[in-house]
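The values are calculated or read from the model by the stated rules, or taken from the named source; none is laboratory data. In this text the structure is predicted, and so the values were computed from the model without any measurement. Because the Cβ atoms are built from the backbone with ideal geometry, glycine has one as well, and the counts that use them run over all protein chains shown.
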Amino acid sequence: MSSAKQLDLAGILQVLRQRGQSARSLTAIAGAPGSGKSTLAEAVVAQLNEKAPDSAAVLPMDGYHFDDRVLVPRGLRPRKGAPDTFDVAGFYHMLQRLKRNEEPEIAVPVFDRDLEIARAGARLIPRSVRHLVVEGNYLLLDRPGWSSLRSLFDTTIMIAVPEALLRRRLVDRWQGYQLPPDEVMAKVETNDLPNGRLIVSASAQPEFVFSV
């Protein structure tokens, strides 16, 4: 990511306002678990909407988690959040549909973290949205299936966070669900952080980097 331009929030907003003037623009915000993708995406959308109401919306990739009824028989439940636990093909086709922006509104799924399930049709994205901010771990992953997503994005941003900070954030996240300490550390050390390292090592070059 050495040649990617560093941007702060103000710089991101300036770029996106320019790129969403005439047609819907899709922005990818990628990063490791705990890097702050949702926080940054929501901040970007809130400020875009403050200047131009109803012009921006967020699409979280997490809505395309496979359900546990798929993961358990495949032995993938402990690895939930890894690349092969998502319906990347379904996600790709939804992004195509959103990019075309031919319908009055499009219903998208949203992941309910408290219940660990994706709720179908939980968010509506109307045609008025010019800035669609897509956030997720593997949006820039250079692996089969995932690499096809990049052609749909007008802007790509990777969040860069030191691993020590990621670890602290992830421990705090899972402790917030009242999990036993050994289960917290298992989730962090055997799933979340290895997934984060994969994102850093195997993602394509983003256009911009947002550093924490």
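Taking the stretch 86-106, which residues are part of a loop (DSSP other than H, G, I, E, B) and acidic (D, E)? Passing the criteria: D87, E102, E103.
Right, A43: of a type in the set (G, A, S), without any contact (Cβ under 8 Å) to a residue 40 or more places away in the chain and either buried (at least 17 other Cβ atoms within 10 Å of the Cβ) or part of a strand (DSSP E or B) (or both) or not? So A43 fails the test. For P126, the requirement of being exposed (fewer than 14 other Cβ atoms within 10 Å of the Cβ) and either under 21 Å from K187 (Cα atoms) or hydroxyl-bearing (S, T, Y) (or both) is not met. Among residues of the stretch 3-15 that are on the phi < 0 side of the Ramachandran plot and surrounded by 12 or more Cβ atoms within 10 Å (Cβ to Cβ), none has a beta-carbon under 6 Å from a residue that is part of a loop (DSSP other than H, G, I, E, B) and aromatic (F, W, Y) at least six positions away or on a different chain. Contact annotation: residue pairs with Cβ atoms under 7 Å, 6 or more positions apart or on different chains, pairing a residue in the stretch 172-190 that is more than 20 Å from A82 (Cβ to Cβ) with a partner that is surrounded by 15 or more Cβ atoms within 10 Å (Cβ to Cβ) and among the hydrophobic types (A, V, I, L, M, F, W, C), are Q175/V184. Quick check on the stretch 93-123: of everything there that is within 15 Å of the chain's Cα centre (by Cα) and within 16 Å of T27 (Cα to Cα), which residue is surrounded by the most Cβ atoms within 10 Å (Cβ to Cβ)? For the stretch 93-123, the residue satisfying everything is L95. If only residues of the stretch 129-147 that are more than 15 Å from the chain's Cα centre (by Cα) and within 18 Å of T85 (Cβ to Cβ) are counted, the one that is surrounded by the most Cβ atoms within 10 Å (Cβ to Cβ) is G145. Residue count for the stretch 175-196 under the criterion of being more than 16 Å from the chain's Cα centre (by Cα) and under 30 Å from A10 (Cβ atoms): the result is 0.
Tell me, please, whether a residue that is at pLDDT below 95 and either under 22 Å from I199 (Cα atoms) or out of contact with any strand residue (DSSP E or B) (no Cβ under 8 Å at 6 or more places or on another chain) (or both) can be found in the stretch 57-77. Yes, some residue in the stretch 57-77 is at pLDDT below 95 and either under 22 Å from I199 (Cα atoms) or out of contact with any strand residue (DSSP E or B) (no Cβ under 8 Å at 6 or more places or on another chain) (or both).
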